[in-house]
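S.K.: The following block contains the structure, expressed as structure tokens.
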Amino acid sequence: DVEDKEHIRLAAPIYHETNNVVRARKDYVKYLKQSNPLILDANDKDINPGLIALTYLKKQESESATSLLTEQEKEAYVESIMQICPDGVAKAFIEDPIRVVRSLAITLWQKTNENIPATIEEDIDAILDNYRDKLAPILDLEQIEHDIEQLPGVKIARVDIGAKEYMPNTKYKLYDVVKVPNVLVGNHYEDWTIYCGGVQAQTASIEPD
């Protein structure tokens with residue numbers, strides 16, 4: 001019997017999924033997570049059309065801290081994944097993660113007729129756990145405020161990210177967060193929080209680049 005097109009459309013992706021065949025970029029990430037149970041998170045980026053860089057976050061076996069893959073483990077992974085890549089699929093290599101520490105200042109206002117529980121710090125920690133041990137997360141301060149405001153006794157929550165004060169003619173490094181007051185935008189002034197996405201950045205003497 002001839003297999004109908006609709007069955008092929010539904011069955012073909014499932015067939016390749018179960019056979020661990022790399023077809024798309026996210027298959028690299030999925031295969032990396034499957035290959036090592038200690039991998040907490042993984043992501044990827046295109047270096048050029050024929051090369052993909054994979055970054056990972058690996059948990060230590062004996063504790064909750066993170067650790068790095070050895071060069072032998074990286075080579076073994078790349079060798080194993082290239083064996084299931086058909087011709088023409090981009091090659092991969094593995095990069096070590098970069099740890100970035102963020103400081104958050106959290107201010108709470110209490111409801112008039114309801115007490116904030118003694119476990120409030122643990123409750124907030126549980127909310128922030130959604131952002132820990134992740135690669136390239138979006139730190140959504142408004143969502144964090146919203147989640148904290150759902151806790152008992154909390155009327156209003158405000159979250160500020162720790163940032164350096166802007167200094168002219170200063171070089172900042174990758175992942176720095178800088179507060180810049182009174183930036184002229186059109187006909188009015190705004191306070192900016194700038195995230196340094198370049199390897200290094202030299203600020204100008206008047207306004208930030």
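The values are calculated or read from the model by the stated rules, or taken from the named source; none is laboratory data. Just so you know, these numbers come straight off a predicted model, no measurement behind them. Virtual Cβ from ideal backbone geometry, glycine too; neighbours counted across all protein chains shown. For the accessible areas, the whole protein counts, side chains as well, though only heavy atoms, and no ligand, DNA or RNA atoms are used. Shrake-Rupley method; radii C 1.70, N 1.55, O 1.52, S 1.80 Å.
S.K.: Rounded to the nearest 0.05, what FRET efficiency do Glu190 and Ile138 have when you use their Cβ-Cβ distance and R0 = 30 Å?
M.R.: 0.90
S.K.: Quick one: which residues, 5 or more positions from Leu40 or on another chain, have an amide H under 5 Å from its amide H? H modelled 1.01 Å from N in the peptide plane, none for Pro or chain starts.
M.R.: Leu57, Lys58, Lys59
S.K.: Right, here's the next one. Pop out the ³J(HN,Hα) list for the range 121-127 in order, Karplus 6.51 cos²θ - 1.76 cosθ + 1.60 with θ = phi - 60°, rounded to Hz; leave Gly and Pro as x.
M.R.: Computed from phi, the couplings for the range 121-127 are 5, 5, 5, 5, 4, 5, 5 Hz.
S.K.: Rounded to the nearest 0.05, what FRET efficiency is calculated for Lys45 and Lys171 with R0 set to 22 Å and r the Cβ-Cβ distance?
M.R.: Computed FRET efficiency for Lys45 and Lys171: 0.30.
S.K.: Compute the signed sum of charges (Lys and Arg +1, Asp and Glu -1) over the other residues within less than 14 Å, Cβ to Cβ, of Val177.
M.R.: Once positives and negatives cancel, what remains is 0.
S.K.: Which of the residue pairs Lys30/Lys173; Lys59/Lys134; Lys45/Lys164; Lys111/Lys179; Lys30/Lys58; Lys91/Lys134 have a Cα-Cα distance greater than 20 Å in the structure shown?
M.R.: From Lys30/Lys173; Lys59/Lys134; Lys45/Lys164; Lys111/Lys179; Lys30/Lys58; Lys91/Lys134, over 20 Å: Lys30/Lys173; Lys45/Lys164; Lys111/Lys179; Lys91/Lys134.
S.K.: Can you sort Arg9, Arg158, Arg99 by 1.4 Å-probe accessible area, starting with the largest?
M.R.: So, going from the largest accessible area down, we get Arg99, Arg9, Arg158.
S.K.: Moving on. Loop-only check: which GluC sites (Glu not before Pro) in the range 69-176 are DSSP coil with at most 15 other Cβ within 10 angstrom?
M.R.: Working: sites: Glu71, Glu73, Glu75, Glu79, Glu95, Glu114, Glu121, Glu122, Glu142, Glu145, Glu149, Glu165; in loops: Glu114.
Answer by residue number: Glu114.
S.K.: Continuing with the same structure: Give me, ordered by chain and number, the residues 5 or more places off Leu104 or on other chains with an amide H under 5 Å from its own placed amide H.
M.R.: Gly162
S.K.: What are the ³J(HN,Hα) values, in whole Hz, obtained from phi via the Karplus relation 6.51 cos²θ - 1.76 cosθ + 1.60 with θ = phi - 60°, for each residue of the range 74-86 in sequence order, with x given for Gly and Pro?
M.R.: 4, 4, 5, 5, 4, 5, 5, 6, 5, 6, 10, 9, x
S.K.: How do Trp192, Trp109 rank by accessible surface area computed with a 1.4 Å probe, from largest to smallest?
M.R.: Trp109, Trp192
S.K.: May I pose another question? Sorted by accessible area with a 1.4 angstrom probe, largest first, how do Lys26, Lys134 fall?
M.R.: Accessible-area ranking of Lys26, Lys134, largest first: Lys26, Lys134.
S.K.: Return the sequence-ordered ³J(HN,Hα) values of the range 36-46 in whole Hz as given by the Karplus equation 6.51 cos²θ - 1.76 cosθ + 1.60 applied to θ = phi - 60°, using x for Gly and Pro.
M.R.: Those phi angles translate into 9, x, 8, 6, 7, 7, 8, 8, 9, 8, 7 Hz.
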